[in-house]
Structure formats: structure tokens, C-alpha cells
Amino acid sequence: MDEALKKKVDTVIAFCRLGGGMFAIIGALILFFFVQAALDPTASITINGIATTEQHAKMFAVVFCAFIPIFGLFLAFVPEKHLDKWITVIVKRLS
């Protein structure tokens, strides 16, 4: 790998780590509020512009929002050897 490609790959890896940390923090906050709404039988959430207190809709929102911090933790803590391989392929194809 030449020096210019290595610099681009390192930059993208740094942004992946930063983005993963942000996804993990913000996703955890969103998940926290949706879990509170799911546990409260009187709380309502809005889905497609319609306010609902249905328990199934609240649980779907919790499960869906749980993927955001999981994805963020994956990006933040995946071993660098894997990220290095994946990002090198992506950068080469895009260049």
C-alpha cells in the first residue's frame, strides 16, 4: 500500500471510529427514551404521523432503535485489521 492510500485509509478509519462513538451515544439516548415509553402504558409514540399507545408499536420502536447503538459500537470497536481491509477496498474502488 502506497503512502497516499495509507493516509486516506487512516483518515476514513478515524472518521469511522468517531462516527461509531457518536452513533453509540446518541443511539443509547434514543433507546433509553423509547424503553421508557414502552414501559409506560399511557405514553404515546408517533408512527407515520399517528399517535399510538399500542404496545406492539412501542416494542417495534425499541427493537428498531436498538440497532443504532449496536452499529455504533461495532464501528467503534471493530479490530483495525478488519477495517483496514474493508476500507482499503472501498477507497481503491472509489478512487
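The values are calculated or read from the model by the stated rules, or taken from the named source; none is laboratory data. Keep in mind it's a predicted model, so treat the numbers as computed, not measured. Cβ sites come from the backbone with ideal geometry, for glycine too, and all protein chains shown count toward neighbours. Surface areas here come from the heavy atoms of the whole protein model, side chains and all, with no ligands, DNA or RNA. Shrake-Rupley method; radii C 1.70, N 1.55, O 1.52, S 1.80 Å.
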In the stretch 10-95, trypsin sites (Lys or Arg not before Pro) in a DSSP loop with at most 10 other beta-carbon atoms within 10 Å
none
I need the per residue convex hull volume for the stretch 1-56, using only the alpha carbons, in cubic angstrom as a whole number.
110 Å³
For K8, go through the lysines and keep the ones whose alpha-carbon is under 16 Å away, minus same-chain ones fewer than eight residues off.
K81, K85, K92
With mean projected area of the Cα convex hull in nm² as the read-out, I listed (1) 6.5; (2) 7.7; (3) 6.9; which label goes with the value calculated from this structure?
(2)
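Over the chain, what percent of the accessible surface lies on carbon and sulfur atoms, probe 1.4 Å?
73 percent
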A chain fully extended from V78 to F60 at 0.36 nm per residue, minus the present Cα-Cα distance, gains in nm 3.8 nm
If you put +1 on each Lys and Arg Cβ and -1 on each Asp and Glu Cβ, how big is the dipole of the chain around its Cα centre, in Debye rounded to 20?
360 debye
For the stretch 33-95: relative contact order, % (alpha-carbon pairs under 8 angstrom, 6 or more apart):
23 percent
Connecting every pair of Cα atoms under 10 Å apart in the chain and solving the GNM, the largest mean-square fluctuation among I70, I47, I30 falls on I47
For helix 55-77, report the angle its Cα long axis makes with the longest principal axis of the Cα atoms of the chain; keep it between 0 and 90° and round to the nearest 10°.
20 degrees
Could you give the length gained on full extension between S95 and A4, defined as 0.36 nm per residue of separation minus the Cα-Cα distance, in nm?
31.6 nm
